[in-house]
Structure formats: C-alpha cells, structure tokens
Amino acid sequence: MAQRVQGTEDLYGGYMRAWQHMTDVARELFGAYGFDAIETPALEQVDTFVHGIGESTDVVRKEMFRVVSGALFDDLLAKGSEAGLKARQRMAMRPEGTAGVVRAAVEHTFVPQGGAPAKLWYAEAMFRGERPQKGRLRQFHQVGLEWLGASDPAADAECIIVLMEYFKRLGFDPSKLRLTINSMGDSACRPAYREAVRSFILDHADEMCDDCIERAELNPLRAFDCKNDHCREVMEAAPKVDEALCDDCRAHYEQVKRYLDEAGIAYVEDPTLVRGLDYYTRTVFEVEVEGAGVGAIGGGGRYDGLMELEGGKPTPGIGFAVGFERIYLALQSLCIDLAGDEPTCVYVACMPEQRAAGFSATLALRQAGVRTEADYQGRSLKSQFKQANKLGARLCVVLGSDEVAAGVATVRDMQTHDQVQVPMAELAAYVAERA
Ligand code: HAM
C-alpha cells in the first residue's frame, strides 16, 4: 500500500477545517493591520535560502530538501557533485517563508526607494528535513507576515501585538502564553559579541560537545540552544548580548519594550534567545504555551540586512510565523477544538419516480448557497432519512408523488420532526433562511 512520507500529514476533515479557520482569522486580523496576502513558489533557488537564512544554519546545512529535475538527477549521481549545475538548476523546497517573500520583494520592487512599506502575509506549507516527532514535521504549515520598509520600533511592537492578538483570536488564554523577547544587535555590535562568544566556547572546549565546538566557528550564538544540558549549563556563564549592544540597538530595544508595556503585553526578556536563522538583527521573539510540550508555537524578529543579502537595496524588515500543527496540538492540550463544528447540510430525499424533481430542488438549493446533499446510490426513502441523520442534516426536503403533483415540498426539521409544506417556487428562499 502506498504510504505518505514520514513526517508529513494529510489535512482533511476537522484538521483541514482547523487550518482553514487559522487562515480565515489571519486574513481578517492581518487585513485590519493593512497586510495583503502573498503566495511565493514552494520551490526557490537554493541561493535564496543560502543568502538569506545563512550558510552555517542547521536549516540550510542539514534540513533543506534539495530538488533537481529528473533529467538532471542521473547526471548528478554519475558526477557525484552538483558543481556543474547552474544556480537556476539548484533548487530547494522552502524551509520557511521570509527568504522567498524578500526575494519576491527585490524581484518586483515592492518597496521602491522612498516608497511606502510593503506589508504581506502568507499561509503556506514549509519543508524541513528534521527528525519527525510530536510537533516537528517535515512538511508543516505556517501563517506568517512580513513588513518591509519600516525601521521604527513601533513596527516591532505592532508585530508582536498582532501576533499575540492572533493567538487570542485562535482561542488561547493570553495568561497561558509565554512571550520571550531579546535584541540580537546589528552589524555594528554583533560581530564583536559573536567573537566574544566564540572565544568563550573555545576557552571551555573541554567541557562542551563536538557540535558546540563546530558552532564556535560557524555560528557560535547557536551554542545557547544546544540540546546538551551540560553545554547549556556552561553557556550560562557566557557573555550575554544585552551587555554588548551598541547605543542605537539599546535605544531601539528600550523603545520596543516601552510600546509593549503601553499596550499591556506581558513578556519575558531572555538574553540567550538567538533563533535559528541568521538574518535576524535587533528584536527577536518567540512564543510558547506553558505545559503544552510542543516547543515554540511562533517566532520572528527584525531582519534589517536581509533585503541586501537577497540583492536588493538596504531596506529594513520585520515579521513572524506561527506553526499550525503545534498550535493545533497546544490548543488540544487546553481542550480547545480549533476545528469547530462540522458544517450542517440540508438533505433532499425523494422516491426514484421523483428523482428529476429532487435533482432540480438540489440544484436550486445549492444556487441559493445552501450546502445540500442527496442520494446517488439508489437508497430507499427510509435509508435516505438515515443517511440525512448521519450527515447531521438540519432539514430534510422530502419529495413524494403527492408533493410533486401539488408543486410543493415537505420540509422536515430533523431535530423537532416538525414538518411544513412549502411551494416549490419558495423552497430555496425558505430553506436558505433556516439552514
Ligand atoms: P521559525 O521559528 O523557524 O521561524 O518557525 C516559525 C514557527 O514554525 C515555529 O515557531 C513553529 O511553530 C513552526 N515550525 C518550525 N519548524 C517546524 C517543524 N519542523 N514542524 C512543525 N512546525 C514547525 C521562521 O520560520 C521565520 N521565517 C519566522 C519569521 C518571519 N521571522 C521573520 N519573519
């Protein structure tokens, strides 16, 4: 039997309704903040991610699903190297949405020099070759937004405010959410800080795991996130970014916090929050649900250098993304059902002789926007009623020979069993009002 790829899921039934609900809430809320929807291709040139997310990140080095066309695949195997491939032939499934949106913004000049910021949101599948476990998939779904062209700390605060409002609208009790924030500095102050952390790791090399030794050269700040408890203990004594921020970064961060305080948003400062993508500058943030055990349900931050890394003019940016699957699990752990109720329907039941009348009544109801079901398997009237019950139909439209002869339909309320006769010409309007 054919099976789905490990770490991927089929979205259907209540799970699909939950995903659709998440995108509906996003459309309404993000729309109110002035964001327009965008969909970028799932497939991008590898360079878009290498330049943006960073060559030394786990996402790019280990987790990105690389794609070559079938025609090139054998050639690649034979040569044993991708060295001969052109940039456009080296492709990857997007592991996240920001790099692709910024690539599109550069390609289509969404933010002309001196122009207004571009505000974009998306709801898309992402792909990362991680080891599958609860809340960690290889194909997962993110809702996210990107705000390009705004350097004001108010944008950082508003991003966080809209994120927390989004969680609230999805059903989370804000008191159960833990929002962590930090500033990672910028190109003026981060290099020196990075070097300080690198030296610290190398000074403690005999106490740290091999991965962290490797991180010292590639991406020292990631050592704060090491899965190894002992490494994390050692890193507690490492220099913290809050002591290393330049005056501009410090002032920006203080202003973001003032806006958050003003908006009544509770947060915890964590100077070791570094995030796994290299493009971040200044503000970064993450949200977890206490006791849910699924890791971060969302995160984001500022990326003032990313547009340039993707070949554009210097343009500040900030955004976030949340993970559908983790949100679903976290809400489930709080006994909140993101799927909502199954949609109800109206069932049109008829005898075989009245099938033509049933057919046109069904069409008329659907034209009027009523979710309508009927029998397509030659069931008896009795089993059609059973089927209507099984489908949770609120109303059943019955068309027998008497009804059809008199030009009416019997409309039965499936809960109260009350019945009324409605002229065929008025049926659609009558049912649409009550369904
Ligand atoms: P991220 O923190 O890598 O950020 O991912 C955002 C969210 O996606 C996570 O908080 C988590 O809920 C979900 N997620 C990530 N990986 C997985 C996985 N393997 N399985 C299930 N869920 C997952 C970003 O992707 C940035 N692009 C966010 C951003 C937008 N920053 C600025 N703008």
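Counting only Cβ charges, +1 for Lys and Arg and -1 for Asp and Glu, the dipole size of segment 43-117 around its Cα centre is about 80 debye. So if the hydrodynamic radius of segment 269-395 is defined as the Kirkwood radius over C-alpha pairs, what does Stokes-Einstein give as its diffusion coefficient at 25 °C and 0.890 mPa s, in µm² per second? Result for D is 124 µm²/s.
Farthest toward the positive end of the dipole of the chain, out of Gly115, Leu391, Trp19, is the Cα of Leu391, where the dipole comes from beta carbon charges about the Cα centre. Magnitude of the charge dipole for the chain, about its Cα centre and with charges confined to Cβ atoms of Lys, Arg (+1) and Asp, Glu (-1), is about 1460 debye. Our note on the geometry: Cα centres of segment 117-137 and segment 175-213, 25 Å apart.
Restrict the search to segment 166-220; then list the GluC sites (Glu not before Pro) that DSSP places in a loop and that have at most 10 other Cβ atoms within 10 Å of their Cβ.
Numbers: sites: Glu195, Glu207, Glu214, Glu217; in loops: none.
Answer in residue order: no site qualifies.
All C-alpha to C-alpha distances of segment 242-319, sorted into 10 Å bins beginning at zero, yield P(r) values of 15, 45, 32, 8, 0 percent in whole numbers. Contact order for the chain, expressed relative to its length and based on alpha carbon pairs under 8 Å spaced 6+ residues apart, stands at 16 percent.
The residue among Val284, Thr362, Ala432 whose Cα reaches farthest toward the positive pole of the charge dipole of the chain, with charges on the beta-carbon of Lys, Arg, Asp and Glu, is Thr362.
Just flag the trypsin sites (Lys or Arg not before Pro) in segment 1-85 sitting in loop per DSSP whose Cβ has no more than 14 other Cβ atoms within 10 Å.
When the trypsin sites (Lys or Arg not before Pro) of segment 1-85 are filtered for loop state and at most 14 Cβ neighbours within 10 Å, Arg4 remain.
The distance linking segment 5-62 with segment 267-325 is 14 Å (Cα centroid to Cα centroid, whole angstrom). The per residue volume of the convex hull around the alpha-carbon atoms of segment 211-274 is 101 Å³. Restricted to Cα atoms, segment 345-434 shows a radius of gyration and a Dmax of 11.5, 29 angstrom.
Considering every alpha-carbon pair of the chain, the percent of pairs per 20 Å bin, from zero through the bin containing the longest distance, is 21, 44, 23, 11, 1. Cys residues of the chain that find no other Cys beta carbon under 4.7 Å: Cys159, Cys209, Cys212, Cys249, Cys335, Cys345, Cys350, Cys396. Mind pulling the angle between the C-alpha long axis of helix 355-367 and the longest principal axis of the chain? Nearest 10 degrees, somewhere in 0 to 90. The angle comes out at about 40 degrees.
Placing +1 on each Lys and Arg Cβ and -1 on each Asp and Glu Cβ, with no other charges, gives segment 345-434 a dipole about its Cα centre of roughly 380 debye. FRET efficiency for the pair Gln20 and Asp203, taken as 1/(1 + (r/R0)^6) with r the Cβ-Cβ distance and R0 = 45 Å, rounds to 0.30. When each of the peptides 344-354, 419-429 is scored by the mean number of other C-beta atoms lying within 10 Å of its residues, the order from highest to lowest reads 344-354, 419-429. Cross-linked pairs Lys168/Lys227; Lys62/Lys240; Lys119/Lys313: Cα-Cα separations exceed 24 Å for Lys168/Lys227; Lys62/Lys240.
With R₀ set to 22 Å, the beta-carbon distance separating Glu9 from Phe73 gives a calculated FRET efficiency near 0.25.
Going through segment 21-70, which GluC sites (Glu not before Pro) have at most 14 other Cβ atoms within 10 Å and a DSSP loop state? Hits after loop and neighbour filter: Glu39, Glu55. Farthest toward the positive end of the dipole of the chain, out of Thr272, Gly378, Tyr259, is the Cα of Gly378, where the dipole comes from beta carbon charges about the Cα centre.
We did not get these values from a lab; they are worked out from the coordinates using the rules stated. This one's a predicted model, so the numbers in the text were calculated from it and none came from an experiment. A quick note on method: Cβ atoms are made from the backbone with ideal geometry, for glycine too, and the neighbour counts reach across all protein chains shown.
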